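Read the structure below first, then the notes.
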Amino acid sequence: MAVPRSRILDLMKVQCRIFSHTFNPEGQRLGNKVLRQRLKGPALASYYPRKMGTYKDLQKAYPEWEVINEEEEHRREMLKIIKARGKGAPKKKRTAEESKKFKNKKRAAERAAGTAT
Amino acid sequence: MASSTPIRLPWRLLTRAVGAAHPLIPSTHYIRTQQPISFQRPAISRNYSEATPPPEVENATPPSQPPQTLTENTPVSEGPPGPPRLPRAVQAVYLRPLRRQAEYGVPSCDLQLRSYSVRNLEFFCDFALRAAYYLGLPASGPVPLPRITERWTVPRASFVYKKSQENFERRTVRRLIQIKDGNPETVELWLAFLQKHAYYGIGMKANVFEFAKVGVGKNMDTEMEKMKDIVGKTWDRVGVATTVGTKLTAEEIIERVNTQNFRAATHGNAPLSKLPGSISR
Amino acid sequence: MSMFRAKKLDLGSFVNVKVIRDHTKRKVFAENEPERQALRYIIRNLALPQRTRVQAQLQLAQMHCYTRPTQIRNRCIEGGKGRGVLRDFKMTRYNFRLNALAGKLPGVKKASW
């Protein structure tokens with residue numbers, strides 16, 4: 001009634017041959033799961049989009065053609081509006097001394113407060 | 001249904017099978033539904049000169065009525081000869097797509113179509129079914145698979161304020177068209193045809209089942225060697241539109257693409273600027 | 001890092017020091033992945049002699065950190081941030097929201113159910 005083990009092993013061998021499996025009846029750890037893993041290098045490497053042509057490159061390549069960059073135009077218009085209101089970026093300080101104006105005011109205020117109390 | 005006032009029926013009602021064969025479509029083709037899609041259509045007539053209508057038309061139905069909803073009462077061969085009828089295939093376009101009956105019901109191809117919007121998906125399913133009919137493939141109709149909804153809850157602000165968030169979702173609608181008892185070559189043709197005339201916004205995924213005798217594995221390698229010539233020819237023509245008259249090879253295309261201006265503009269990263277096999281930094 | 005960094009920048013997204021570093025790590029990993037997998041296999045194969053397995057362990061540990069997949073981090077392509085990045089869109093939550101409301105993400109709309 002009981003089937004001999006050798007017969008079962010032969011059956012397993014045939015199965016593995018047909019279905020291209022690995023034959024490992026004792027279940028030894030041979031590291032085959034690492035070999036089965038898919039390589040994910042190319043998928044990870046293509047995460048960031050590569051450099052493509054921009055409006056600037058188009059203008060350089062074909063200077064006689066008029067290329068309208070809508071986002072850039074929109075940005076420039078907004079800047080004009082803000083500057084007209086007087087809310088544009090402040091002027092760049094030329095020397096270090098000009099940028100220290102605020103510090104002196106602060107120190108003077110502290111001294112005044114200190115001498116008063 | 002009365003032809004004088006065509007009513008827009010909901011999609012569900014239109015799928016029910018109705019009555020006898022349609023007079024305009026020969027009875028050799030089995031039709032599951034004869035209910036015509038009833039919507040207003042302009043008159044299907046061919047007036048070769050717009051100035052003077054041909055004398056036969058005066059005896060026919062006056063142009064004020066919307067004439068041509070195709071019903072059982074439409075006169076086929078009686079009365080004065082009206083404008084010539086359209087070809088059957090064109091008439092079929094105005095009706096629901098015909099289906100072929102599968103003899104054995106063995107699935108040959110599962111085509112899953114996915115889209116974010118329903119309308120163009122339904123249209124493309126219709127197109128695919130008609131193509132399958134004309135290729136002689138028994139197709140079982142667009143089965144709506146469960147809709148996939150992906151949801152993201154995201155804080156509204158760029159910094160802090162976690163308590164006020166906003167929900168976004170993306171709904172993917174799916175349809176399944178299954179072809180039963182299809183010849184593998186015909187199925188490939190059908191799939192290639194659909195790919196060639198792919199509609200925007202629709203993704204397609206097909207599982208094709210083929211039956212082969214025992215011992216296929218041995219023959220596969222020898223067949224691959226034979227196929228290399230044929231496959232090589234098509235591979236050389238990758239990216240070339242077949243409608244274009246020139247016979248450019250892959251190298252010639254790459255030469256053209258890599259002219260100085262173009263290369264400078266795209267920093268050497270334009271699509272198809274390198275052969276598929278070479279991956280570089 | 002300097003030995004791996006490409007001479008010419010080939011990034012089309014937002015460019016940041018960290019984004020450049022991450023991009024370099026990804027490329028280096030893709031190149032050395034087969035070698036790493038081979039060493040991992042040797043280490044895990046109990047049928048091989050212990051000496052080879054230990055040698056493989058040492059070799060794997062001595063490989064440059066840029067070859068390790070654990071060093072790679074998904075960054076936002078619009079802002080270069082490393083936190084709060086959604087995988088489906090490669091963007092931070094706020095950038096995703098801005099683009100979704102602008103209609104630039106296909107199929108994404110405000111949910112209400």
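Nothing in this text is a laboratory measurement; each read-out follows from the coordinates by a stated rule. The model shown is predicted, which means the values in this text are computed figures rather than measured ones. FYI the Cβ positions are ideal-geometry reconstructions off the backbone, even for glycines, and counts take in every protein chain you see.
Quick rundown of the values:
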| item | result |
| --- | --- |
| Average beta carbon contacts from partner chains per residue of A:48-61, 10 Å cutoff | 6 |
| Degrees between helix A:101-116 axis and first principal axis of chain A (Cα, 0 to 90, nearest 10) | 70 degrees |
| Estimated FRET transfer efficiency when R0 is 25 angstrom, pair B:Thr172-B:Asp126 (beta carbons, to 0.05) | 0.80 |
| Helix C:17-44 vs. chain C, principal-axis angle (Cα, 0 to 90°, nearest 10) | 40 degrees |
| Tilt relative to chain A, helix A:5-19 - C-alpha long axis, 0 to 90 degrees, to 10 | 50 degrees |
| Peptides ranked, highest mean first, by Cβ atoms within 10 Å: ranges B:168-179, B:133-144, B:150-161 | B:168-179, B:133-144, B:150-161 |
| Sequence ranges B:91-97, B:81-87, ranked by mean other-Cβ count within 10 angstrom, highest first | B:91-97, B:81-87 |
| Distance (nanometres) between label positions extended 7 Å along Cα→Cβ at A:Leu39 and B:Gln112 | 2.8 nm |
| Label point distance in nm, A:Trp65-B:Lys228, each placed 7 Å from Cα along Cα→Cβ | 4.2 nm |
| Approximate spin-label separation A:Ile18-B:Ala250, in nm, with each point projected 7 Å along Cα-to-Cβ | 3.9 nm |
| Interchain or long-range residues, amide H under 5 Å from B:Leu145's placed H | B:Arg174, B:Arg175, B:Leu176 |
| Chain C: calculated mean residue ellipticity at 222 nm from DSSP helix runs of at least 4, using -39500 (n - 2.57) | -15000 deg cm²/dmol |
| Positive minus negative residues near C:Asn95 (Lys, Arg vs Asp, Glu; Cβ under 10 Å) | +3 |
| Three-way shape call for the range B:76-200 based on the alpha-carbon gyration tensor, with the a/c threshold at 1.5 | prolate |
| Peptide B:171-178, shielding by other chains (average Cβ, 10 Å cutoff) | 1 |
